[in-house]
1. Scan (1) of a type outside the set (Val, Ile, Thr); (2) crowded, with 20+ Cβ neighbours inside 10 Å; (3) free of Cβ contacts under 8 Å to residues at least 40 places away in the same chain for the single condition residue 115 breaks and write down its number.
2. Need the failing condition index for residue 167 against (1) out of contact with any strand residue (DSSP E or B) (no Cβ under 7 Å at 6 or more places or on another chain); (2) at pLDDT 95 or above; (3) open to solvent by 90 Å² or more (accessible area, probe 1.4 Å); (4) under 30 Å from residue 67 (Cα atoms), just the number.
3. Tell me, please, whether a residue that is at negative phi, under 11 Å from the mean Cα position of the chain (by Cα) and modelled with pLDDT of 95 or more can be found in the stretch 78-88.
4. Only one of (1) closer than 25 Å to residue 161 by Cα; (2) touching a residue at least 40 places away in the same chain (Cβ under 8 Å); (3) not aliphatic (A, V, I, L, M) fails for residue 135. Which number is that?
5. Can you pull out the residues in the stretch 125-172 that are over 16 Å from the mean Cα position of the chain (by Cα), among the charged types (D, E, K, R) and more than 17 Å from residue 111 (Cβ to Cβ)?
Amino acid sequence: TRSLFVDEKTGCSGLAMDPKDPNVLFAGMWQVEMHTYAMFSGGPGSGLWRSADGGATWKKLEGRGLPKPPVGKIDVAIAPSDSKRVYALIQTPNQGSIWRSDDGGESWKVGSWQRALIGRAGYYIRLAVSPANPDEVFVASSSFHQSLDGGKTFRTLPWGGDTHEIWIDPSDANRVIVTDDGGMSLTTDHGKTSRRITLPIAQLYHVAVDNDVPY
């Protein structure tokens, strides 16, 4: 059953479920057009939505401190240790990069304006919160970023490049895996040491064809 649909140009770029209450979900919706020659990110379809009934119905969150539309790609994360703490990573031209709510999404305030957090948003933008500390936030982008003050400031960690996904052990916040274009970085001691795992994968960037038909 399709429960959340904006328009034919808009899809879901981020989804978070409250681990303490699976009825509460947040969704980041992203309006985007991709062509061989360009990507057009953002528009009136992009926005942040909330459900209180397990995704059966949704309400769009507007105003109350959130950036003014139009915005671009969005990811969202709920702090596992504090359901009222919600973070949203939002692609904007000049309104900020990360927003924080301390009341379950009712009101928001901009945390960081650091442009690197939303650099090349069409390829990246992933957000995660430590299960042990609601003030510790990770952002995967063209680099990997960590905040220890609730999203106000971020530092870059040397955990790979072109990072795409973050996994944190829900029972042990010291175990973190960060994936990137070439593999993953794994730490079991909260980043004091890490192990690099290279995977036999590749990205295909270019294709050349002749003018014969068929190719």
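1. (2)
2. Unmet condition: (1).
3. Within the stretch 78-88, one or more residues are at negative phi, under 11 Å from the mean Cα position of the chain (by Cα) and modelled with pLDDT of 95 or more.
4. So residue 135 meets the others, but not (2).
5. If the condition is that a residue be over 16 Å from the mean Cα position of the chain (by Cα), among the charged types (D, E, K, R) and more than 17 Å from residue 111 (Cβ to Cβ), then 169, 172 are the ones that fit.
The values are calculated or read from the model by the stated rules, or taken from the named source; none is laboratory data. Everything quoted here is computed from the prediction, not taken from an experiment. Every residue, glycine as well, gets a Cβ built from its backbone with ideal geometry; the counts of neighbours run over all protein chains shown. Only protein heavy atoms, including side chains, enter the accessible area calculation; ligands, DNA and RNA are left aside. Shrake-Rupley method; radii C 1.70, N 1.55, O 1.52, S 1.80 Å.
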